[in-house]
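**Student:** So that we are looking at the same thing, I have put the structure below in structure tokens.
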Amino acid sequence: MSRVAPTEQERSEVPPPTTRPGGISIPLQEPIFGNVADERAHRKSRLAAAYRIFAQFGYDHWVAGHITVRDPEYPDRFWVNPFAADWGRIRSSDLILVDVDGTVLIGEGSLNRAAFAIHSAIHRARPDVNAVAHAHTPNGQAWSATGRPIEPVTQDACAFYGDHALFHEYSGVVYDTEQADRLALALGIHKAILLRHHGLLTVGQTVDEAAFWLHLLETCCATHLRLAAAMAGAPLPIIDHANALLAHDQVGLAAHGWLGFQPLWNKLTVDATDLFD
């Protein structure tokens with residue numbers, strides 16, 4: 001889904017990029033594109049980068065997990081990795097484009113059936129979402145098995161306060177559309193969902209946002225596991241409702257998710273020049 005270009009007044013209100021020591025320009029928002037080709041190339045490069053970043057953090061478990069981004073010209077199609085591709089070496093040119101029927105329109109390789117079922121359901125249900133990230137992360141799998149939500153125990157956790165869901169139903173790998181539709185319904189309007197006995201899933205307006213939310217959610221699951229062990233069965237100490245809501249608006253909005261991805265992008269692209277091949 002292409003972004004609407006801002007008005008001249010809106011452009012004048014956007015702060016310019018800042019520059020940190022070393023001369024690295026840090027943009028403060030997603031760029032605006034003058035044509036579909038440039039926006040497509042941008043989305044594909046960010047998607048390939050997200051796969052590599054997930055691999056660096058060890059989120060590329062087995063052949064499970066997938067990240068997708070909607071095509072800017074054809075919103076009923078999305079880009080995804082070929083099944084069983086090495087996440088740590090994915091390039092923009094390796095990505096495949098699939099349609100609503102799961103047909104590979106561009107690219108080589110086969111499509112992960114679970115990726116199609118889950119992501120197509122969410123892309124259909126959430127026209128506001130351009131990217132979806134799902135991974136079987138170590139701490140995400142462990143905390144999801146408890147069936148408990150993310151509590152506002154830290155400032156980071158407040159990013160998900162009132163903004164994530166639980167999916168308790170588990171009946172194996174999600175291949176059928178009915179189960180995928182139920183998952184999308186459980187996600188609702190939220191940006192994240194914990195899939196019990198399965199893993200984590202996050203969404204965003206951009207690949208940057210969706211990928212960062214999954215990374216942050218994984219760290220929150222790790223914190224919850226450590227804190228639950230320390231509390232030895234006692235209730236977790238939480239931030240009160242009013243302050244948790246305040247913190248959510250300070251760290252949990254779409255712009256915060258997008259911005260959180262930028263250091264990861266900058267670090268990766270220093271050396272990963274083949275990413276854009």
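Since every read-out is calculated from the coordinates, none of them should be taken as a lab result. Nothing here was measured: the structure is a model prediction, and the numbers come from that model. Cβ atoms come from the backbone with ideal geometry, glycine included; neighbour counts cover every protein chain shown.
**Student:** Condition test on Ala64, is it assigned to a helix (DSSP H, G or I), over 16 Å from Ile122 (Cβ atoms) and touching a residue at least 12 places away in the same chain (Cβ under 8 Å)?
**Tutor:** Numbers: assigned to a helix (DSSP H, G or I): no; over 16 Å from Ile122 (Cβ atoms): yes; touching a residue at least 12 places away in the same chain (Cβ under 8 Å): yes.
In short, no.
**Student:** What's the number of the only condition in (1) of a type in the set (Val, Ile, Thr); (2) touching a residue at least 40 places away in the same chain (Cβ under 8 Å); (3) crowded, with 23+ Cβ neighbours inside 10 Å that Val80 fails to meet?
**Tutor:** (2)
Quick grid of which residues meet (1) under 21 Å from Phe261 (Cα atoms); (2) hydroxyl-bearing (Ser, Thr, Tyr); (3) crowded, with 17+ Cβ neighbours inside 10 Å:
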{"site": "Leu47", "(1), (2), (3)": "yes, no, yes"}
{"site": "Ile53", "(1), (2), (3)": "yes, no, yes"}
{"site": "Tyr59", "(1), (2), (3)": "yes, yes, yes"}
{"site": "Trp62", "(1), (2), (3)": "no, no, no"}
{"site": "Arg89", "(1), (2), (3)": "yes, no, no"}
{"site": "Leu97", "(1), (2), (3)": "no, no, yes"}
{"site": "Ala145", "(1), (2), (3)": "no, no, no"}
{"site": "Arg148", "(1), (2), (3)": "no, no, no"}
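**Student:** Return the pairs, sorted by first residue and then second, in which the second residue is part of a helix (DSSP H, G or I) and hydroxyl-bearing (Ser, Thr, Tyr), the first residue lies in segment 155-181 and is farther than 19 Å from Ala247 by Cβ, the beta carbons are less than 9 Å apart, and the residues are 6+ apart or on different chains.
**Tutor:** Listed pairs, sorted by first residue: Leu166/Ser144; Phe167/Ser144; Thr177/Ser120; Ala180/Ser120.
**Student:** When segment 108-141 is examined, which residues are found to be touching a helix residue (DSSP H, G or I) at 6+ places or on another chain (Cβ under 7 Å), among the small types (Gly, Ala, Ser) and surrounded by fewer than 22 Cβ atoms within 10 Å (Cβ to Cβ)?
**Tutor:** Ala117, Ala125
**Student:** Determine, yes or no, whether Leu216 is closer than 22 Å to Ile53 by Cβ and touching a Leu at 6+ places or on another chain (Cβ under 6 Å).
**Tutor:** On the way: closer than 22 Å to Ile53 by Cβ: yes; touching a Leu at 6+ places or on another chain (Cβ under 6 Å): no.
When the stated conditions are applied, Leu216 does not pass them.
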